[in-house]
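The values are calculated or read from the model by the stated rules, or taken from the named source; none is laboratory data. All values derive from a computational prediction rather than experimental measurement. FYI the Cβ positions are ideal-geometry reconstructions off the backbone, even for glycines, and counts take in every protein chain you see. In case anyone asks, the SASA skips ligands and DNA or RNA and just uses the protein heavy atoms, side chains included. Shrake-Rupley method; radii C 1.70, N 1.55, O 1.52, S 1.80 Å.
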Amino acid sequence: MDIQTRQNSKADSNSAAVEVSVDWRGRTCKTNKHGGMRAAVFVLGIQAFEMMAIAAVGNNLITYVFNEMHFSLSKSANTVTNFVGTVFLLSLLGGFLSDSYLGSFWTMLIFGFVELSGFILLSVQAHLPQLRPPQCNMQSEAQLCIQAKGFKASIFFLALYLVALGSGCLKPNIIAHGADQFSKEDPKQSKKLSTYFNTAYFSFCVGELIALTVLVWVQTRSGMDVGFGVSAAAMAVGLISLISGTLFYRNKPPQGSIFTPIAQVFVAAIKKRKQVNPSNLEMLHGNRNDTATHTVTATSLDPSSNAGNLLHTQRFRFLDKACIKIQDGGAPTKESPWRLCTVAQVEQVKIIISVIPIFACTIIFNTILAQLQTFSVQQARSMNTQLTKAFQIPPASLQSIPYIILIFLVPLYETAFVPLMRKATGTSSGISPLQRIGVGLFIATFSMVAAALVEKKRREMVTASNKEEISIFWIAPQFIIFGLSEMFTAVGLIEFFYKQSMAGMQSFLTAMTYCSYSFGFFLSSLLVSLVNKITSKYSTHGGWLSDNDLNKDRLDLFYWLLAILSTINFFNYLFWSRWYSSNQSPSPTSASHDSHGVDHHLFTSSKHIGDDNIP
């Protein structure tokens with residue numbers, strides 16, 4: 001698609017709220033030739049294979065960093081959490097580039113090859129001894145292991161963060177590009193959109209499951225160089241799947257970033273900070289009663305075709321000053337978009353600000369997830385992994401337990417739990433997204449409680465008998481509990497953000513859910529460093545996590561700390577969820593307008609107060 005085509009498509013979409021889709025040559029799509037599930041299958045292919053590739057690397061990375069790069073245990077854990085956190089943080093970059101310049105297809109194609117190059121470089125380093133420190137047993141006190149530094153460390157981090165850059169920019173676009181294959185204007189395709197989302201989530205779980213069983217087993221049995229090579233091969237197959245669907249895709253031209261209208265609201269509100277909010281809301285620019293003006297401004301300043309459907313609310317009234325029209329001799333003065341915004345624009349910004357506390361409350365949840373991918377893997381490695389005389393369970397494969405649970409629980413949730421709760425609550429989804437998140441956050445605490453109790457028992461048995469007698473299956477409960485928690489929290493968060501967003505905001509708010517993962521893993525790194533620094537001051541044996549031997553560390557106490565933080569976070573979430581629900585009511589003036597022959601349902605897609613309220 002050439003630049004002129006994109007510019008023309010953007011101009012057309014701004015002049016009328018019409019869905020614009022073009023083929024790979026920039027021509028208007030044909031319903032019988034482009035889009036639909038036939039095109040979406042190719043996107044599902046890259047999602048499944050990319051997930052296999054990145055999960056196989058990320059979930060067993062601590063083993064490679066510790067055993068081959070010879071980083072200390074705490075530094076190895078921080079390396080993994082920083083890597084995973086960077087992947088999710090870069091999703092914002094991927095969403096921005098897609099919306100503003102490249103489009104979802106070209107963003108996936110470019111950064112897919114970036115990710116592939118990272119996997120190849122990791123495989124090369126793992127294969128060539130001259131690119132790694134000399135072989136050494138990190139758990140042996142008799143050997144002094146040399147940590148990777150200089151050129152060797154640079155090669156490792158370059159490869160690792162090429163993978164992070166590629167995967168991060170891919171993630172927010174895979175789901176979006178697949179959903180773009182279904183036209184919302186076609187009732188038949190619109191119904192299939194729900195099927196696509198269910199299939200996409202199933203594809204995600206299958207990819208994770210294969211990575212954590214088959215690919216991790218390959219890494220353990222054949223070496224990390226072969227394992228990284230298999231990840232590279234999986235990524236290559238995913239790219240072939242993406243490219244194979246080129247002739248069938250419906251492509252949405254770049255429509256401009258959401259950051260511009262958001263910035264306009266803040267700039268306009270600051271410039272008019274001395275103005276007094278009018279008591280009559282009809283005086284605000286872009287008010288629903290000002291139909292002609294509102295239609296023009298909503299489409300020209302805001303990519304959301306449904307933005308005008310937002311009701312004015314009383315929250316964050318200082319932002320309403322961005323909508324105040326300056327009068328000059330009784331007639332409104334013509335102002336630039338950086339001085340005058342619509343009510344719809346302002347309400348969109350209010351939504352984004354309002355969901356930030358809910359988003360923040362899920363960070364601790366993802367900090368717990370970080371432990372399952374780092375310390376819990378090392379914890380399992382210190383147990384008896386023997387299943388039969390000829391087969392040992394790869395410790396990293398235990399991370400597949402939550403996805404096995406999800407594959408069975410999600411259908412059960414939809415077919416049994418939702419109908420039962422629908423009768424009890426009268427809510428179409430059984431329980432609201434906010435309630436669903438709350439249930440997950442509550443359950444997550446018990447994952448760390450189970451982890452702490454198991455680690456205490458493991459450590460006591462090793463100390464008493466000097467043998468690794470405890471079975472690896474003892475560690476399963478913390479993964480099972482977290483799998484149940486993730487079904488509520490992770491899916492509930494995506495559902496919540498989707499329901500609160502209007503057209504043009506979905507990609508941005510979806511990227512925010514990925515950022516929750518990012519901040520959770522970064523917080524894990526910070527906690528490990530702080531805990532080591534603080535506890536080392538009060539112990540002659542060093543910090544809780546300062547040794548490379550879990551039998552000498554106090555991982556159980558670290559797990560108890562996370563359980564306490566998770567409990568505090570749950571009560572914090574209860575406060576903010578009630579705050580959010582109580583601030584969703586439309587202003588009295590807007591509500592009164594709504595009773596004069598206007599269908600209220602047209603204007604409340606993001607204001608289902610009863611559905612989102614936690615009693």
Requested in this report: Quote to one decimal, in nm, the extra length available between Val214 and Ala390 on full extension: 0.36 nm per residue of separation minus the C-alpha distance between them.
Outcome: 61.7 nm
Query - region 366-450: proportion of alpha-carbon pairs further apart than 16 angstrom, % - result: 67 percent
Report summary line: Violations at 32 Å Cα threshold for listed pairs Lys171/Lys325; Lys149/Lys456; Lys33/Lys171 -> Lys171/Lys325; Lys149/Lys456
Query raised in the report: In whole Hz, what ³J(HN,Hα) sequence does region 351-359 give by Karplus (6.51, -1.76, 1.60; θ = phi - 60°), x for Gly and Pro?
Result: 4, 4, 5, 5, 7, 4, x, 5, 4
Report task. Taking 7 Å along the Cα-to-C-beta vector as the label spot, tell me the Thr415-Ala360 distance in nanometres, rounded to one decimal. Result -> 4.2 nm
Requested in this report: Quote to one decimal, in nm, the extra length available between Leu247 and Ile480 on full extension: 0.36 nm per residue of separation minus the C-alpha distance between them.
Outcome: 79.6 nm
Query raised in the report: Where the centre of each part is set by its Cα atoms, how far does region 82-104 sit from region 473-487, in angstrom?
Result: 30 Å
Query raised in the report: Using modelled backbone amide H atoms (1.01 Å from N, in-plane), which distant-in-sequence or interchain residues come within less than 5 Å of Gln392's amide H?
Result: Leu387
Requested in this report: Using all C-alpha to C-alpha distances in region 318-465, build P(r) with 10 Å bins and read off the rounded percent in each one.
Outcome: 8, 21, 22, 17, 14, 9, 5, 2, 1, 0
Query raised in the report: Under a 5 Å amide H to amide H cut-off, with H placed in plane at 1.01 Å, what residues pair with Ser21 once short-range neighbours are removed?
Result: Cys29
Query raised in the report: Stretched out fully, how many nm does the piece from Gln327 to Ile110 gain, at 0.36 nm a residue minus the Cα gap?
Result: 73.1 nm
Query - Residue-normalised accessible area of region 56-166, given per residue in Å² at a 1.4 Å probe - result: 39 Å²
Report task. Whenever you get a sec, line up Thr385, Thr28 from highest to lowest accessible area (probe 1.4 Å, protein heavy atoms). Result -> Thr28, Thr385
Query raised in the report: In whole Hz, what ³J(HN,Hα) sequence does region 442-459 give by Karplus (6.51, -1.76, 1.60; θ = phi - 60°), x for Gly and Pro?
Result: 5, 5, 4, 4, 6, 5, 6, 5, 4, 4, 5, 5, 5, 5, 5, 5, 4, 5
Report task. Just grab the label-to-label distance for Phe157 and Thr425, each label 7 Å out from Cα along the Cβ direction, in nm (one decimal). Result -> 4.6 nm
Requested in this report: Using only the Cα atoms of region 33-133, build the gyration tensor, take square roots of its eigenvalues as a ≥ b ≥ c, and label the shape rounded, prolate or oblate: rounded if a/c is under 1.5, else prolate if a/b is larger than b/c, else oblate.
Outcome: prolate
**Report entry** Portion, in percent, of the accessible area of region 197-242 that falls on carbon or sulfur, probe 1.4 Å
**Finding:** 75 percent
